[in-house]
Amino acid sequence: MPTKNAFAVGSHVYLRALEREDLNERYLGWLNDPQVTRYMETGTFPSTRQDLEDFYQSATGSKNQVVLAVADSRTDLHIGNVKLGPIHWIHRRATFGILIGDKKYWGKGVGQEATRLTVEYGFNRLNLHRIDLGVFAEHESGVHCYEKVGFKVEGRFRQDLFVDGEYKDRLWMALLRSEYVPVKPEKKK
């Protein structure tokens, strides 16, 4: 099972540092694919290679956010990213974000596993107390994924997001360290 430069390892995916080699046409294609960015604030304007480079520079040089690549454990293929940030070190909280850009991995639990790995990193290694996130209320699979990890809805921002010519509600969800229940690793047979 390859896990090139693994930082956190799950059953199907692992997290590793985002590398300059990841800034390729595949990644750029995700950011310009309306299906991939439908429930993201990214994608409103076309993304360029310079946008990728600027993002990489800001992400890798920051002490107030952590961006990690999500990679397939079998193939080492970069399939998305996760982010904790901004991180508020005094209040011990961060906002979570995820992009699974490779659509072949949608609906297979990959997002949930990447979310769990990021939450465990945030609580166990960064000593965070709270991780929160915003999600389109109509994004049922996203909301369900976050609930399975343990996030709870704390509020609804009515007509907070504009997409496809309509205003949409945003849910604000959070998970406290004291509420998080880690998943026991699967036993190998």
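The values are calculated or read from the model by the stated rules, or taken from the named source; none is laboratory data. The model shown is predicted, which means the values in this text are computed figures rather than measured ones. Virtual Cβ from ideal backbone geometry, glycine too; neighbours counted across all protein chains shown. Areas reflect the complete protein model, heavy atoms only, side chains present, ligands, DNA and RNA absent. Shrake-Rupley method; radii C 1.70, N 1.55, O 1.52, S 1.80 Å.
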For this session: Estimate the FRET efficiency between V9 and Q57 by the formula 1/(1 + (r/R0)^6), using the beta-carbon distance for r and 22 Å for R0, to the nearest 0.05.
Result: 0.20
Exercise. Considering every Cα-Cα pair within region 1-68, what fraction, in whole percent, is farther apart than 17 Å?
Worked result: 54
For this session: Just the number, please: carbon plus sulfur as a percent of the accessible area of the chain, 1.4 Å probe, no ligands or DNA/RNA counted.
Result: 51
Seminar exercise, completed: One point scatterer per Cα, no solvent, Debye formula: log10 I(q)/I(0) for region 78-149 at q = 0.15, 0.20, 0.21, 0.28 Å⁻¹ comes out as -0.50, -0.85, -0.92, -1.36
Exercise. Where a ≥ b ≥ c are the square roots of the eigenvalues of the C-alpha gyration tensor, would you call region 42-92 rounded, which needs a/c under 1.5, or, failing that, prolate if a/b is larger than b/c, or oblate?
Worked result: oblate
Exercise. If we count every other residue with Cβ under 14 angstrom of R92's Cβ, Lys/Arg +1 and Asp/Glu -1, where does the sum land?
Worked result: +3
Exercise. Can you put H12, H78, H88 in order of accessible area, largest first, using a 1.4 Å probe?
Worked result: H12, H88, H78
Exercise. Over the Cα atoms of region 106-189, what Rg and Dmax result, in angstrom?
Worked result: 14.6, 51
For this session: Please calculate how many Å² of accessible area the chain carries per residue, with a 1.4 Å probe and no DNA, RNA or ligand atoms counted.
Result: 58
Problem set entry | Virtual spin-label span in nm between T48 and W89, 7 Å along Cα→Cβ | 3.4
Exercise. So what is the relative contact order of the chain, in percent, for Cα pairs below 8 Å that sit 6 or more residues apart?
Worked result: 17
Seminar exercise, completed: The relative contact order of region 95-173, taking Cα pairs under 8 Å that sit 6 or more residues apart, comes to a percentage of 28
Problem set entry | When each of K83/K152; K63/K148; K4/K104 is checked by Cα-Cα distance, pairs over 23 Å | K63/K148
Exercise. Counting Lys +1, Arg +1, Asp -1, Glu -1, what net charge surrounds E41 among other residues with beta carbon under 13 Å of its beta carbon?
Worked result: +3
Problem set entry | Proximal charge balance of A69 [Cβ under 15 Å; K/R count +1, D/E count -1] | -2
Seminar exercise, completed: The alpha-carbon center of region 145-182 and that of region 110-143 are separated, in whole Å, by 10
Seminar exercise, completed: Matching label for the computed Cα extents along the principal axes in Å, out of (i) 50, 39, 36; (ii) 50, 40, 29; (iii) 59, 40, 21, is (i)
